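Notes to accompany the following structure.
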Amino acid sequence: MSIRLRGHHLLCMLTFVGEGYTTAFTDNYRKIAKRLSAGETIEIVDGPDDICQPLLCSQGAHCYKESVVQRDIAALDAVGRLLGKTLLISDTLKPDHVFLSRLRLAFSHNSIRKACHDCEWSSLCDKVAASGFKGVKIISETVEPAACHG
């Protein structure tokens, strides 16, 4: 099974430290973080995703707004360029150590953050990135093999 993520959540997942819009949202995101940390794949979707679910029953959920759709487009473009491929709806990604490290390095250098412009969470993400991503909930449980020295 895959976690369904919209484009800009590829960036949000890098700095998720347990804060969110509501308790239900945060509880849901923590469950998703555990699944991603365990290596479950990501399926890119168009529009609201598994992270959005607790917000969708709210009146005027921002998940459908054009500004959010534009964040998705910008994030998919930036992450795709970093990975050297065009990311399309229904593509799958493996959130392993290499993938997360590569995205976090680019995020900390602001090279993939165009989608973050005017986001209400941007200052929190700035702090998380500046701390070296201390306290993030999505980590790779994949252990890199030690280099052989002979």
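The values are calculated or read from the model by the stated rules, or taken from the named source; none is laboratory data. Just so it is clear, the structure is predicted and the values come from calculations on it, not from any experiment. Note that we place each Cβ from the backbone using ideal geometry, even for glycine, and neighbour counts take in every protein chain shown.
Looking at Ala74, Ala24, which is the one that is among the aliphatic types (A, V, I, L, M), under 23 Å from Ala130 (Cα atoms) and in a helix (DSSP H, G or I)?
After applying the criteria, what remains is Ala74.
Going by the conditions given, is Leu36 closer than 19 Å to Ile73 by Cα and touching a helix residue (DSSP H, G or I) at 6+ places or on another chain (Cβ under 9 Å)?
Here the answer is no, as Leu36 does not meet what is asked.
Across the stretch 16-26, which residue is farthest from Val79 (Cα to Cα) among those that are out of contact with any Leu (no Cβ under 7 Å at 6 or more places or on another chain) and surrounded by 13 or more Cβ atoms within 10 Å (Cβ to Cβ)?
Filtering the stretch 16-26 for residues that are out of contact with any Leu (no Cβ under 7 Å at 6 or more places or on another chain) and surrounded by 13 or more Cβ atoms within 10 Å (Cβ to Cβ), the one farthest from Val79 (Cα to Cα) comes out as Ala24.
Quick one: which residue in Ile32, Ile89 is in a helix (DSSP H, G or I), closer than 15 Å to Leu10 by Cα and touching a strand residue (DSSP E or B) at 6+ places or on another chain (Cβ under 7 Å)?
Within the list Ile32, Ile89, the selection yields Ile32.
Name the residue that is surrounded by the most Cβ atoms within 10 Å (Cβ to Cβ), counting only residues in the stretch 35-62 that are in a helix (DSSP H, G or I) and in contact (Cβ under 8 Å) with a residue 40 or more places away in the chain.
Here the answer is Leu36.
Being among the hydrophobic types (A, V, I, L, M, F, W, C), modelled with pLDDT of 95 or more and touching a Leu at 6+ places or on another chain (Cβ under 6 Å) narrows it down to one of Leu93, Leu87, so name that one.
So the residue among Leu93, Leu87 that is among the hydrophobic types (A, V, I, L, M, F, W, C), modelled with pLDDT of 95 or more and touching a Leu at 6+ places or on another chain (Cβ under 6 Å) is Leu87.
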